[in-house]
């Protein structure tokens, strides 16, 4: 991927692209200084059609928000001879559970060749704080981000359960702990990280199961954490 400065794009065009990211949009409204901090530490990345962004089992050090194009998620390291299991659309994110759970990628992500180049906003995990580790952002901002990641990941698991009811992992939703409201911010972070870790483990097992299926797998069009 080619790394570009945010100044590569005219301000109005960049603002339009960023407006499609709910986390950034809300943060700019509620805490513009935090939004400025994150964007100041961010870069734009341009990826060619077919280019692989992440590889299953690899260490992911960047949270990517898709601004333009389309990404395909695969359950294996080799994306050449297998079908994708889900699609990532603009405004959605990859590398999220890897950030929250401090784990390797649960799947591989590549640019959809039929759509063209992809443009992504990348924020290094060190800025946000991987797992329970502190980052440069305020802990309250991290809680908001982790809650967004956990909610979307739970929804992802529910989508898998609805689509593949015969999968042996379909009955494991009860394993996911509830992130309880905490009076201390660090306790909230710990609770959300635990929830994300369990979900990441479940999604990894689910994708392993999908890898072994001989039948065509329907593609899920929604949020995916990669």
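The values are calculated or read from the model by the stated rules, or taken from the named source; none is laboratory data. Everything numeric in this text was worked out from a predicted model, so none of it was measured. Cβ sites come from the backbone with ideal geometry, for glycine too, and all protein chains shown count toward neighbours.
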Inset, instruction - State whether the residues of the range 175-186 include one that is within 23 Å of residue 60 (Cα to Cα) and part of a helix (DSSP H, G or I). - result: no
Legend entry - Answer residue from the range 99-110, given it is buried (at least 23 other Cβ atoms within 10 Å of the Cβ) and touching a strand residue (DSSP E or B) at 6+ places or on another chain (Cβ under 7 Å) and is farthest from residue 5 (Cα to Cα) among those: 107
Inset, instruction - For residue 106, indicate whether it is touching a helix residue (DSSP H, G or I) at 6+ places or on another chain (Cβ under 8 Å), in contact (Cβ under 8 Å) with a residue 24 or more places away in the chain and in a loop (DSSP other than H, G, I, E, B). - result: yes
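Just the residues that are surrounded by fewer than 19 Cβ atoms within 10 Å (Cβ to Cβ) and either out of contact with any strand residue (DSSP E or B) (no Cβ under 8 Å at 6 or more places or on another chain) or in a loop (DSSP other than H, G, I, E, B) (or both), please, taken from the range 77-98.
Taking the range 77-98 as the starting set, the residues that turn out to be surrounded by fewer than 19 Cβ atoms within 10 Å (Cβ to Cβ) are 77-78, 80-83, 87, 89-91.
77, 78, 80, 81, 82, 83, 89, 90, 91, listed by residue number.
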Inset, instruction - Of the conditions (1) within 30 Å of residue 186 (Cα to Cα); (2) surrounded by fewer than 21 Cβ atoms within 10 Å (Cβ to Cβ); (3) modelled with pLDDT of 90 or more, residue 151 clears all except one; give me its number. - result: (3)
Legend entry - Odd one out for residue 124, checked against (1) farther than 24 Å from residue 170 by Cβ; (2) touching a helix residue (DSSP H, G or I) at 6+ places or on another chain (Cβ under 6 Å): (2)
